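The values are calculated or read from the model by the stated rules, or taken from the named source; none is laboratory data. Everything numeric here is computed off the predicted structure, so don't read it as measured data. Here the Cβ positions follow ideal geometry from the backbone for every residue, glycine too, while neighbour counts run over all protein chains shown.
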Amino acid sequence: MPVYRAPDTQLQETPARPPYGRWRRAIPLAGTVIALWLRWRWLRLKRRVFGAERMQAATRRFHRGAAEAIVRRAIRQQGLIIKTCQFLGSRADVLMEEYVVTLSLMQDQVPPRPWIEMRSLIERELGAPLAELYAQFDPQPVAAASLAQVYRARTHEGVDVAVKVQYPEIDRIVQWDLQAIRMLANIWARFETVIDFRPIVDEMSRNAPFEVDFIHEGRAAERLAALLSSRDDVVIPHIYWERSSRRVLTMDYIDGIKISDIAALEAAGVSTQRVADSLTDLYNTMILRHGMFHADPHPGNLFVLPGDPPRIGLVDFGITKELSDDFREQLIVLTSAIIGEQPEAIGVTMEGMGFRTRSRDDETYAAIGQAFLGDVLRSGKAYADQELVAEINARIGRTLRGNPLVDVPGDVILIARVMGLLSGLGRTLNSETDLLEALLPYLDPDAIEDASVATP
């Protein structure tokens, strides 16, 4: 068993407090983003003048420098900016290597807050001295995430637990960050027309209150654990409510291997393909069968416990989505129609789900549906790589310039985010999972015109 420091031990830490105040957070962030955007526009102009091949080295230098600038700003800002970088750093399927390698550092290098500050918050929230709450408590955090830190402790009953502690004042910081991100999304929308980030910001705003409410997170973990109780390839930690509150959450400690640590998985004799297969089926089950899913599957929230079968440990249920039965059934019909290449059914279903384009056109809806899922299924790959994503973006860009989307349901934005993260993990795990074959058991065969459609 590990040796823990005594509960009253205090670490000599350098304070790592983020800027506090709406404009102290918004102005530096806006300055970094706008400066990078202007440099990117200038680079695009030079690529048109001199040619992409001649500017290849300069392009690489720009992206490397941009990634480093983003990380420096995120470390200073913390809050939702860290969370955004963690998401982008997980997209090994889409982003250039310069961004993936640099931004993925945000999974492990968030600066921790001082122990004395976090200890007082734990005792205030739980209403007792630390020694009464836990038999042992290591003041060195095992993880420092965007909104909270996680510590390892042991209960008086001898159970190893993880204690997740929210940063002081993080709820206000989240609101200020949302305001800043919304401002930048509005500015972007005035100059760039292919991608509109405002619906994504709307969905972030809807989820933000739940991410800073650990009572909600604990209840979500319990509901998912009940729904998945028949599976032997997933672990969800038990919640200890007598040591939990809105800002402190105590749960079982999952001692596993980070899902993106391929070397450690291979050294432990774990088949990354089995992990990829389990992960795909797990999310198909959560989304399409139960209508409730863990919506933040970045590498910091997924662990692998070696065994036969290897088990996937899920942590951090701050973003957990429950779909209505009607919406879940519409999603099944839409997926079936995309696979069966039925443009009219795609259009009718997407409108029923809440999609709206400037003018009603089945071809536009069909193109969106193919970009959302169909192209990946027919690519013969287990994930969308950079080349495929570039091709999809170019085609969907041409389509939407003629008939842009004016409304996108928030639930679909969250599902698309999950699919993107899973695609990135698929590439990291060198997955060869047949996505079409994995999906078919969860779909409506009557809605698929030709269920024998297969990847080439």
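Structure summary
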item: Enumeration of residues in region 420-433 that are under 16 Å from ASP281 (Cβ atoms) and at pLDDT 85 or above; result: LEU422, LEU425, GLY426, LEU429, SER431, GLU432, THR433
item: Selection within region 323-340 - charged (D, E, K, R) and surrounded by 15 or more Cβ atoms within 10 Å (Cβ to Cβ); result: ARG328, GLU329
item: Every residue from region 292-310 that is out of contact with any Ser or Thr (no Cβ under 7 Å at 6 or more places or on another chain), crowded, with 16+ Cβ neighbours inside 10 Å, small (Gly, Ala, Ser) and not in a helix (DSSP H, G or I); result: none
item: Among (1) small (Gly, Ala, Ser); (2) surrounded by fewer than 18 Cβ atoms within 10 Å (Cβ to Cβ); (3) at pLDDT 95 or above - the single one SER278 does not satisfy; result: (2)
item: Qualifying residue in region 233-244 (condition: among the polar types (S, T, N, Q) and not in a helix (DSSP H, G or I)); result: yes
item: HIS294 vs. criteria in contact with a helix residue (DSSP H, G or I) (Cβ under 7 Å, 6 or more places away or on another chain) and more than 24 Å from ILE262 (Cβ to Cβ); result: no
item: When residues of region 196-207 are limited to those that are touching a residue at least 40 places away in the same chain (Cβ under 8 Å) and not acidic (Asp, Glu), the one surrounded by the most Cβ atoms within 10 Å (Cβ to Cβ); result: MET204
item: Residue that is surrounded by the fewest Cβ atoms within 10 Å (Cβ to Cβ), among those in region 232-271 that are within 30 Å of ARG124 (Cβ to Cβ) and among the aliphatic types (A, V, I, L, M); result: ILE254
item: Selected residue (criterion: nearest to the chain's Cα centre (by Cα)) from residues of region 303-339 that are closer than 16 Å to MET286 by Cα and polar (S, T, N, Q); result: THR320
item: Every pair of residues 6+ apart whose Cβ atoms lie under 6 Å, when the first sits in region 341-354 and is surrounded by fewer than 21 Cβ atoms within 10 Å (Cβ to Cβ) and at pLDDT 85 or above while the second is not in a helix (DSSP H, G or I) and not charged (D, E, K, R); result: MET353/PRO409; GLY354/PRO409
item: Tabulated pairs, region 426-444, first over 28 Å from ILE257 (Cβ atoms), second of a type in the set (Gly, Ala, Ser), C-beta under 9 angstrom, 6+ apart or interchain; result: LEU436/ALA454; LEU440/ALA451; LEU443/SER336; LEU443/ALA451; ASP444/SER336
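Residue-wise test of (1) part of a helix (DSSP H, G or I); (2) farther than 25 Å from MET292 by Cβ.
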site: ALA221; (1), (2): yes, no
site: ALA225; (1), (2): yes, no
site: ASP255; (1), (2): no, yes
site: ALA263; (1), (2): yes, yes
site: GLU266; (1), (2): yes, yes
site: VAL275; (1), (2): yes, no
site: THR280; (1), (2): yes, no
